[in-house]
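Nothing in this text is a laboratory measurement; each read-out follows from the coordinates by a stated rule. Just so we're clear, the structure is a prediction, and the values are computed from it rather than from any experiment. Counting neighbours? That spans all protein chains shown, and the Cβs are built from the backbone with ideal geometry, glycine included.
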Amino acid sequence: MTDITPTADALLMPKSAPRTRNMGQIIRWLLLFIGGIIMVMPIAYMISTSLKWPHEVYNVNLIPDEPTIENYTYVLEDGRFYWWFVNSIIIATITTICNLLFDSLVGYTLCKFRFPGRTIVFIAILSTLMIPTEMLVIPWYLMSQSFGWLDSYWGIMFPGLMTAFGTFLMKQFFESVPDDFIEAARIDGLNELQIWWTVAMPLVKPALAALAIFVFLGNWTAFLWPLIVTNSVDMYTIPVGLSGFGDEADVAWELIMTGAAISTIPTLVVFLIFQRFIIRGVVMAGLKG
Amino acid sequence: MYRNLTIRQKQIVWAWAFLALPVLFYTVIRFYPTGNAILISFQNWNLLGSRTWAGLENYQKLWNDPVFWKVFKNTFVYLLLGTPISLVLSFVIAYHLDKLRFMHGFLRMLYFLPFMTSAVAMAWVWRWFYQDVPIGLFNNILAGFGIPQIAFLQSTTNALPAVLAPAVWAGLGFQVIIFMAGLRAIPTSYYEAAKIDGVGWFTVLTQITLPLLRPTIVFIVVFSSIGFLRIFDHVFNMTTNNPGGPLNATKPLVLMIYDTAFNGFDMGYAAAQTVVLFTILLVVSLIQLRLLRSN
């Protein structure tokens, strides 16, 4: 398929970087390397502490003397983290799928159709970007209370099923899908739904992937609304569960670090696998969104 | 009946069929709650009793509430410390990283990794770093050098910067990536022309690079300002024993909203606070766009 997003890739290629290795370049590299190591230190200490025995936890050494997975066994046997993890996976996955479908459908419609009300709908959706979530949590809570959505998956998910950011991002990318392709598909007798799904969607795969990463990460780490809408321990997501777990009296720091690692490692692993791809997505979203 | 429509009319039918559910969603889940929040801000309501009209009472209460002014100040301290620090740090890193080729991708990964973490998890990690000897990492390191320990989260002056640090740390990688994309969008011909003219690096930086980066800087300043004005996850998790403490020294507006609504159940008062937050976000974004776009 035609690659319609060359800009982001071009922007990741060092262009002005000289090949020479003089003293200045070496010092620059060393300083940036030290800075980078400092940046990952909190993550490194979190993982290292989660692998330490209690007697070693307060030593400043990064590599555990006798690494152990005892903390992980303890935390997972407790059962709660297991459920919080499952809840977070389910919620983030369903929300991501909904966003991919609806944001792209709306973005496509606003981009490729001419119909009365188009500008109003576009401006209305765009204007919701200015409304902070924090302003909506009280009405959402009252709404959830009267419809019985409190403490349920639906209650956690419903505010995020569509986003103006995603809609706008997808609209920008559908601009680069040639109208001729769509016309040709119409002449071939495809209906509009088929054209969107089989012609337009495959052409914006990179944008869909970028959106998926953003929505998933956003929902995986979301805290305020899940904290408000859930009451029972079984319904917590990972961040809400971890927050309550850390706050329990006498809970050991190595166990908190283990919980923090459990909530962070999945996104880190995903990042390390799809690194280039994710950074390209960030650039695309930053430039176009 | 559908068959008798013209192509244009069919398009209108399809468009509205596609938009029906989303329009309903945005109306019910975004616009109605926005109006509702504003309405509740003019009412007294503790969730159990009846809703009574309060007029401007909640806003007057806010104006006379010393805690609100403390919180208001804190929120802007987060913004005024966080935004410039993260802007300068991320620019310096991006500027130098852009000039390196050796292990470029690896260095970039080190800086970006914190962006992929969850705020709650990392707030707990940093909270552990900040503990006193013999628990906290920072004070253990200081003790190793024979330096007296520092009270981070217990001190009314140190707690706010201590809470801010992980928020700056987590957002830095994103800003570095955006800055590098901005730097690479500047045509090389500008730099080549400067080289021919024999202009020094500082002049190149201030006369070519920074002016051409203006759109990137606008984006980063607005984006990070909104983030710092809405800070919550880090503060809440680093001060769970006394949210926003010590003595409200770290309490931002969103935490006050959460407390008023879901611990105090004073929905009208909390709604008034959300309207204030909305206004602040709107005004700050508009001022920044105006300041940075003009001249």
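Of note:
- Around A:F181: net Lys/Arg minus Asp/Glu count, Cβ-Cβ under 14 Å: -4
- Interatomic Cα distance distribution for chain B, bins of 10 angstrom, percent: 5, 19, 24, 22, 16, 9, 3, 1, 0
- In straight-distance terms, cross-link reach from B:K73 covers every one of the lysines whose alpha-carbon lies under 29 Å from its own, apart from those fewer than eight places away in the same chain; here that gives B:K61, B:K251.
- Under DSSP loop assignment and at most 15 Cβ neighbours within 10 Å, longest chymotrypsin sites (Phe, Trp or Tyr not before Pro)-free interval of chain B: B:146-264
- Taking other C-beta atoms within 10 Å as the exposure proxy, A:D65, A:D103, A:D234 rank A:D65, A:D234, A:D103 from fewest upward.
- The angle between the Cα long axis of helix A:118-127 and the longest principal axis of the Cα atoms of chain A comes to about 20 degrees, rounded to the nearest 10.
- Per residue, the convex hull around the alpha carbon atoms of chain A comes to 193 Å³.
- Principal axis dimensions, largest first and in whole angstrom, of the stretch A:114-239 by Cα: 55, 30, 24
- P(r) weight above 33 Å for the protein assembly as shown, C-alpha pairs, percent: 49 percent
- Using a Gaussian network model of chain A in which every pair of alpha carbons under 10 angstrom is joined by a spring, one finds that among A:E66, A:E56, A:E77 the greatest mean-square fluctuation is at A:E66.
- Span-rule helices in chain B, defined as complete DSSP H runs reaching 27 Å or more along the axis (Cα) with Kyte mean at least -0.5: B:7-25, B:66-97, B:159-184, B:267-293
- Whole-number percent relative contact order across chain B, with pairs defined as alpha carbons under 8 Å at least 6 apart: 28 percent
- The protein assembly as shown: calculated mean residue ellipticity at 222 nm from DSSP helix runs of at least 4, using -39500 (n - 2.57): -21000 deg cm²/dmol
- Proximal lysines relative to A:K205, as straight alpha-carbon distance under 23 Å, when same-chain residues fewer than 8 apart are discounted: A:K112, A:K171, A:K288
- Straight Cα distances below 22 angstrom link B:K99 to the lysines A:K15, B:K195, with same-chain residues fewer than 8 positions distant left out.
- Cα centroid separation - the stretch A:189-258 against the stretch B:205-250, whole Å: 22 Å
- Degrees separating the helix A:205-221 axis from the principal Cα axis of chain A, which is the longest one: 40 degrees
- When the stretch B:147-295 is reduced to its Cα atoms, the Kirkwood hydrodynamic radius in Å: 18.5 Å
- Candidates per GluC sites (Glu not before Pro) in the stretch A:170-272, loop by DSSP, up to 14 other Cβ within 10 Å: A:E175, A:E248
- Considering only A:F33, A:F214, A:F158, the Gaussian network model of chain A with Cα springs below 10 Å gives its largest mean-square fluctuation to A:F33.
- For B:V67, neighbours were defined as the other residues whose beta-carbon sits under 12 Å from its Cβ, and their charges (Lys and Arg +1, Asp and Glu -1) total +2.
- Span from the the stretch B:139-193 Cα centroid across to the the stretch A:58-111 one, whole angstrom: 26 Å
- Charged neighbours of A:N61, selected by a Cβ distance under 15 Å, balance to -3 (K, R count +1; D, E count -1).
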